[in-house]
Amino acid sequence: MVLSSHNFNYKNFWTGEWLSIWEINKKDGGFELNGKIRLSTYYYEEGNVQFKLNKEYNQKIESTEENDTTAHEIITIINN
């Protein structure tokens, strides 16, 4: 799953980008959720200021009989 957003505000001298890639693999008795997030912002009025963040996530999820519960848990992890 890929989530991305780009925001450009040239009038106020800033831009920003969010990119995250999530992979869900079935493992013994559950799932493994792997994700990468890349965030970058750029402010350039009277100088140049940049912020970049790269973060990786690895989370094991135990499977339940209820698929809705497992899906809800995956969404909760991504949102946090």
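Of these, 56, 23, which one is among the acidic types (Asp, Glu), under 10 Å from the mean Cα position of the chain (by Cα), closer than 24 Å to residue 4 by Cα and exposed (fewer than 12 other Cβ atoms within 10 Å of the Cβ)?
56
Considering each residue of region 53-80, count those that are touching a helix residue (DSSP H, G or I) at 6+ places or on another chain (Cβ under 9 Å) and part of a strand (DSSP E or B), and give that number. The qualifying residues number 4. For region 59-80, a residue qualifies if it is free of Cβ contacts under 8 Å to residues at least 40 places away in the same chain and closer than 25 Å to residue 5 by Cβ, and the qualifying residues are 59, 71, 72, 73, 75, 76, 79, 80. Examine region 33-47 for a residue that is assigned to a loop (DSSP other than H, G, I, E, B), on the phi < 0 side of the Ramachandran plot and touching a residue at least 24 places away in the same chain (Cβ under 8 Å), and state whether such a residue exists. Yes, region 33-47 has at least one match.
Quick check on residue 50: is it out of contact with any Lys or Arg (no Cβ under 8 Å at 6 or more places or on another chain), open to solvent by 100 Å² or more (accessible area, probe 1.4 Å) and part of a strand (DSSP E or B)? Give the steps one after another, and end with the answer.
Numbers: out of contact with any Lys or Arg (no Cβ under 8 Å at 6 or more places or on another chain): yes; open to solvent by 100 Å² or more (accessible area, probe 1.4 Å): yes; part of a strand (DSSP E or B): yes.
It is true that residue 50 is out of contact with any Lys or Arg (no Cβ under 8 Å at 6 or more places or on another chain), open to solvent by 100 Å² or more (accessible area, probe 1.4 Å) and part of a strand (DSSP E or B).
Within region 1-20, being of a type outside the set (Ser, Thr, Tyr), closer than 20 Å to residue 71 by Cβ and open to solvent by less than 80 Å² (accessible area, probe 1.4 Å) holds for one residue alone: 3. Tell me, yes or no, whether region 31-38 has at least one residue that is open to solvent by 60 Å² or more (accessible area, probe 1.4 Å), of a type outside the set (A, V, I, L, M) and either at pLDDT 95 or above or over 18 Å from the mean Cα position of the chain (by Cα) (or both). Yes - at least one qualifying residue is present in region 31-38. Of the listed requirements (1) open to solvent by less than 60 Å² (accessible area, probe 1.4 Å); (2) modelled with pLDDT of 95 or more, residue 61 misses just one: (2).
From the list 57, 10, 42, exactly one residue is of a type outside the set (S, T, N, Q) and touching a Ser or Thr at 6+ places or on another chain (Cβ under 6 Å). Which is it?
On the way: 57 fails: touching a Ser or Thr at 6+ places or on another chain (Cβ under 6 Å); 10 fails: touching a Ser or Thr at 6+ places or on another chain (Cβ under 6 Å).
One residue alone meets the criteria, 42.
The values are calculated or read from the model by the stated rules, or taken from the named source; none is laboratory data. Quantities reported herein were computed from a predicted structural model and do not represent experimental measurements. So basically every Cβ, Gly included, is an ideal-geometry build from the backbone, and we count neighbours across all protein chains shown. Protein only, heavy atoms only, side chains kept; ligands, DNA and RNA dropped before computing areas. Shrake-Rupley method; radii C 1.70, N 1.55, O 1.52, S 1.80 Å.
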